[in-house]
Structure formats: structure tokens, C-alpha cells
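What follows is one structure encoded as C-alpha cells, with my remarks underneath.
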Amino acid sequence: MSRIGKMPVALPTGVTVDIADGNVVTVKGPKGTLSQILHPDMTIGREGGTLTVSRPSDEKEHRALHGLTRTLLNNMVVGVSQGYVKELEVVGVGYRVQKQGKELVLNVGYSHQVVVPEIEGISIEVPTPNRIVISCADKQKLGQFAAEVRGKRPPMTYKGKGIRYLGEVVRLKEGKTGAKKK
């Protein structure tokens, strides 16, 4: 039995779950609404204030899908109740970010400004010129958007400047050493 898959998903107050035909799950909460089609072999049950996931057999594919389905359900419930946040930091002399309307403007060492539009469901804040706070109810969408922003100027391996996740450790390479004398 999957240790993750057999754990129930607790529903906080203010969160409603609708399970439509097949396994179309819609979760509504104070932070928004998320909907996802889950694998039809998995059985999703509701018992009071919890959701449970069960699998039809002990085959390898069903064992793998058991924990995945439970984790996807839990991510949806946490997303609509609390939301997810990723923070990025901009490191480098002259590197800075600012928000202009619904766009994130990056000055990260190019000859031009890089403009990243804010997409639906994601909110961007810039508390300081070198910090970006991205929040969203959908964990997958948040991670993808944060990776795209980081990809505009990933950390350089020799100097360490660029856009990185808050707390990310960038291992720096040593660089060239001069010609050795004999």
C-alpha cells in the first residue's frame, strides 16, 4: 500500500469538492477554483470532511498512480485554501526588477529591458528592486511561471549573478588559472 496514497486529504472549512463523471475533480475555496481530470482507474471517495483515494489492484501502474492522485488532490485543496508562493532574487550589479501595471520589467544585463506579462491566476509583487514574489493557487502553473522568469537570466556559473530562487545555492566554478611555469 502506498504510504502517501492511503493518507486522507483533510478539507478545511470553506473548501468544497465536486467529483463529476469519471474523475473530473473541481475544488473551490477562498483563493479560487481549480479543476483537474484525474486517472479513471483511481477511485476518489468523500467521507465527511476528508477525501480518500483507492486503487483497484496492486499492479505497478496503479501503485504509482495511487500516490500521485492523492498528491494532486492535496495540492488542489491547499492551493485554494492557502495558496502557493515562490520568491526569486535578482543578484548582480545594476540588475533590478520593477512592476509596471500588469507587467514585470527586468533589467538584467541585456541591452534592452525584458518584459514578462502577468498571466491570469498569477499575481506578481516586487517588494524590493531585487526581489520578486509570485503567488498562485495552482502549484503547477506557479512553478512553470517562476521557471520561465528565472530562465530570462539564469545564475551564471562563474560570477553567480542572475535570477535565482530565494535560498538557492549556486556553485561557482573556479575559473581559469594562469599558465604554469616549470
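Computed from the coordinates by the stated procedures, all read-outs in this text should not be read as laboratory data. These numbers were taken from a predicted model, which means no experiment stands behind them. Don't worry about glycine lacking a Cβ; one is built from the backbone with ideal geometry, like all the others, and counts go over all protein chains shown.
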**Request:** Quick one: Debye curve from the alpha-carbon atoms of segment 1-73 only, equal weights, vacuum; give me log10 I(q)/I(0) at q = 0.23, 0.25 Å⁻¹ to two decimals.
**Result:** -1.05, -1.20
**Paramagnetic label zone (point 7 Å from Cα along Cα-to-C-beta, residue 36; backbone N under 11 Å) in segment 66-86** = 68-80
**Fill in**
Computed for the chain: size of charge dipole around the Cα centre, +1 on C-beta of each Lys and Arg, -1 on C-beta of each Asp and Glu, debye to nearest 20, value 1500
**Asked** Just how many % of Cα pairs in segment 38-95 lie over 19 Å apart, if you round to the nearest whole percent?
**Response** 48
**Prompt:** So which trypsin sites (Lys or Arg not before Pro) in segment 102-164 are both in a DSSP loop and have at most 10 other Cβ atoms within 10 Å of their Cβ?
**Reply:** 102
**Request:** Over the Cα atoms of segment 84-165, compute the convex hull volume and normalise it per residue, giving Å³.
**Result:** 81
**Message:** Given Cβ point charges of +1 (Lys, Arg) and -1 (Asp, Glu) and nothing else, what value in debye, to the nearest 20, does the dipole of segment 84-165 about its Cα centre take?
**Reply:** 340
**Complete:** Placing one equal point scatterer on each C-alpha of the chain and summing with Debye, one gets log10 I(q)/I(0) at q = 0.13, 0.19 Å⁻¹ equal to -0.79, -1.12
**Message:** Quick one: 3J(HN,Hα) in Hz for segment 38-53, Karplus 6.51/-1.76/1.60 with θ = phi - 60°, rounded, Gly and Pro as x.
**Reply:** 9, 4, x, 6, 7, 9, 9, x, 10, 10, x, x, 9, 10, 10, 10
**Prompt:** What full-extension length gain, to one decimal in nm, is calculated for residue 131 and residue 159 as 0.36 nm per residue of separation minus the Cα-Cα distance?
**Reply:** 8.2 nm
